[in-house]
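Just so it is clear, none of the values below were taken in a lab; they were calculated from the coordinates. All values derive from a computational prediction rather than experimental measurement. Here the Cβ positions follow ideal geometry from the backbone for every residue, glycine too, while neighbour counts run over all protein chains shown.
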Amino acid sequence: MPTRLLLFPLLAFALACPLAAAPAPVSTDPAEVAARLAAIRTPPAPATPRINGARVVGARPEKPFLHRIPTTGERPLRWSVRGLPRGLELDPDTGIISGVTPAKKGTYTLRLRASNALGKTSAELDLVVGDTLALTPPMGWNNYNAFRLRISDSLIRAQADALVSSGLADHGYAYVNVDDAWEGVRAADGSIQGNERFPDMAALGAHIHSRGLKFGIYSSPGFETCGGFVGSLHYEEQDARAFASWGVDYLKYDWCSYIVDAGRLAADRHAELLPAHADRLRSLAAEYGPMRNDRRRPRPPEMSARMKEIEAEQKRLLSAIPAETLLAIERDIAVDAYRAMGRALEASGRDIVYSLCQYGEARVWEWGPEVGGHLWRTTRDITPRLSAILGIVNRQKGLEKWAGPGRWNDPDMLEIGNGALTPDEMHMQMTQWCVLAAPLLIGTDLTRLDPLVLGILANHEVIAVNQDRLGRQGWLLRKTGDAEIYVKPLEGGRWAVALFNRGEKPLVITFDRAELKLPAAAAVRDLWRQKDLPPSAPVTFVVAARGAEFVSVNPGEK
Ligand code: GAL
């Protein structure tokens, strides 16, 4: 029963199990290396300059701004920009725009140029100064899928450097997000600080910014995080100010330990619904409070055991409430908890993208924007197995109407490069995340990328679907047995069409342009291979077992 999970998110600590989902070993076996090379679909980026990534970026007025123009092509490159508003400047040798956004709201069209010894290119970027951030799904990297809680300042710096040296940053990946396990204890004045593995959070932020990248961080609305580190409960404003002072650009805010507080709040606010249990819930919370505040680690075993008993009893008491009522209570509690940090971030003086992580409970997509959220997890944690990935995909159905610029459904991070995912399965996840307009947060070790993984993550035509300015989340158009066809409208009347084969054998999948009421002559392009398909109808692929193909359809001038 999903509504129960918000109050009891299946054992916080189990979720944060410190076993890393090991990145796939980079094989040296010649046959395997050859097979992986043969599976590469993405053509190499040309040596001539090409500007990649979103064509629109949102910012609030008078806020620090940083944007690295994602550009592929042989180095050295030089950049120029026309139309930069006062307060912003470009470093012509790095392509990094920085400064402070203008006070006046509006759209500033920046004309970007990049050149190298082999040629030049130009593109337009709309800087929309207004109230909305994340006008396209956030792109970047997060440590959790590859490293779980085993992280340090030097590991994060090395990954930030690799985001640039691998060329991924040239495709628009910009956020370097530190997940759980950076937190130290609070100082006497309540201020939060990094632990011994993160001695200077501001210096880490400065390092990330010096690469033109953005700095993401993690906390919880509860007293502690999923990994048992200190959370932001009752310190929301102070923490948001600290994050801003470190240069944080993105916060993932993870529910976990709100469990028993939520039980007490339910009793306080909805005593009428819990006539028999309100007092008991309050006394359980009162007993739990001092134990959770006890900073001894590991906790004495009898204390841990008692905490588990309390959690279990609370769960039992609340399960007497009808599901619809419990959903309303959960929603109330979660809205307040998330709004407290949302407001604090807005008042922090920086543009901080706000990622709500409470596993899709209490229909978060309905209230996420109202608490200041820009994206929200729709499901529980992903793992590097196709069955887990497809289970998550199934749960995105119907959510498309809640997504749009500044408000994204988040099916969790990419597992490409991790576990035993095959080349076809990795193409499948990337295709699916792009057609769903999902945030693209790479979850693998960037210092060990092989050409196949790099090619899957860095295909500019595939990414362009994800970053399309309309910000529409694609949906399932048709399912026939193991074949699924997803479609996503794109700017200019074009469509992206993704063909998935969930089965164990290759499958011929045909898409007819008429299914989208598109003219039979509409041009079709194979996005993975970056090739126009011969002008013929219908579009037919032999889609590999547990694999995907991806095309765009362009009806041409209207
Ligand atoms: C989980 C969350 C993961 C990760 C982890 C950290 O609840 O869903 O993405 O952040 O906590 O402990």
(message) With an 8 Å Cα cut-off and a minimum separation of 6 or more residues, compute the relative contact order for segment 410-534 in percent.
(response) 19 percent
(message) Check which residues have an amide H placed less than 5 Å from residue 528's amide H, if you skip close sequence neighbours.
(response) 550
(message) If you fit an axis through the alpha-carbon atoms of helix 423-435 and take the longest principal axis of the Cα set of the chain, what angle between them do you get, 0 to 90°, nearest 10?
(response) 80 degrees
(request) With no solvent and one equal point scatterer placed on each C-alpha of the chain, evaluate the Debye formula and give log10 I(q)/I(0) for q = 0.09 Å⁻¹, two decimals. (result) -0.68
(message) Run the helix sum for the chain: -39,500 (n - 2.57) per DSSP H stretch of 4+ residues, divided by residue count, reported at 222 nm to the nearest 500 deg cm²/dmol.
(response) -8500 deg cm²/dmol
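Please report the relative contact order for the chain, taking Cα pairs under 8 Å with a sequence separation of at least 6, and give it as a percent rounded to a whole number.
It comes to 15 percent, rounded to a whole number.
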(message) Using the Kirkwood formula on the Cα atoms of segment 169-225, what hydrodynamic radius do you get, in angstrom to one decimal?
(response) 12.6 Å
(request) Could you check the simple spin-label distance between residue 48 and residue 62, using points 7 Å along Cα→Cβ, in nm with one decimal? (result) 4.5 nm
(request) Relative to the longest principal axis of the C-alpha atoms of the chain, give the angle of the C-alpha long axis of helix 153-165, reported between 0 and 90° and rounded to the nearest 10°. (result) 20 degrees
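Can you tell me what percent of all Cα-Cα pairs in segment 475-554 are more than 22 Å apart?
Across segment 475-554, Cα pairs with separations above 22 Å total 17 percent.
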(request) Provide Rg over Rh for segment 205-328; use the alpha carbon set for both Rg and the Kirkwood Rh (inverse mean inverse pair distance). (result) 1.09
(message) So, R0 is 60 Å and r is the distance between the beta-carbons of residue 78 and residue 366; what FRET efficiency does that work out to, to 0.05?
(response) 0.80
(message) Taking only Cα atoms of segment 467-520, what ratio of Rg to Rh do you get with Rh as the Kirkwood inverse-distance radius?
(response) 1.01
(request) Return the sequence-ordered ³J(HN,Hα) values of segment 480-487 in whole Hz as given by the Karplus equation 6.51 cos²θ - 1.76 cosθ + 1.60 applied to θ = phi - 60°, using x for Gly and Pro. (result) 10, x, 7, 8, 10, 10, 9, 10
(message) Students often get this wrong, so check it: of 397/505; 479/531; 214/531; 401/488; 63/105; 63/104, which have C-alpha atoms separated by over 22 Å?
(response) 397/505; 479/531; 214/531
(request) Alpha carbons only, please: Rg and Dmax for segment 422-558, in angstrom. (result) 14.5, 46
(message) Could you compute the longest span of the chain free of GluC sites (Glu not before Pro) located in DSSP loops and having at most 12 other Cβ atoms within 10 Å, not counting the site residues?
(response) 197-503
(request) Express in nm, to one decimal, how much length is gained between residue 336 and residue 202 on full extension, taking 0.36 nm for each residue of separation and deducting their alpha carbon distance. (result) 45.3 nm
(message) To check you understand DSSP bridge types, tell me what percent of the beta bridges within the chain (both residues inside) are antiparallel, rounded to 5.
(response) 70 percent
(request) Could you pull the Rg and Dmax for segment 345-480, using just the Cα atoms, both in Å? (result) 15.2, 51
(message) Relative contact order for segment 321-458: what percent, with Cα pairs under 8 Å and sequence separation of 6 or more?
(response) 18 percent
(message) Rounded to two decimal places and with Rh computed the Kirkwood way over Cα pairs, what is Rg over Rh for segment 80-123?
(response) 1.03
(message) I'd like the Karplus ³J(HN,Hα) series for segment 546-556: coefficients 6.51, -1.76, 1.60, θ = phi - 60°, whole numbers in Hz, and an x wherever there's a Gly or Pro.
(response) 6, x, 8, 10, 9, 10, 10, 10, 10, x, x
(message) Show me, bin by bin at 5 Å from 0, the whole-percent P(r) of segment 420-471 based on Cα pairs.
(response) 4, 19, 31, 25, 14, 4, 2
(message) How large is the translational diffusion coefficient of segment 254-379 in µm² per second when you combine the Kirkwood radius over alpha carbon pairs with Stokes-Einstein at 20 °C and 1.002 mPa s?
(response) 135 µm²/s
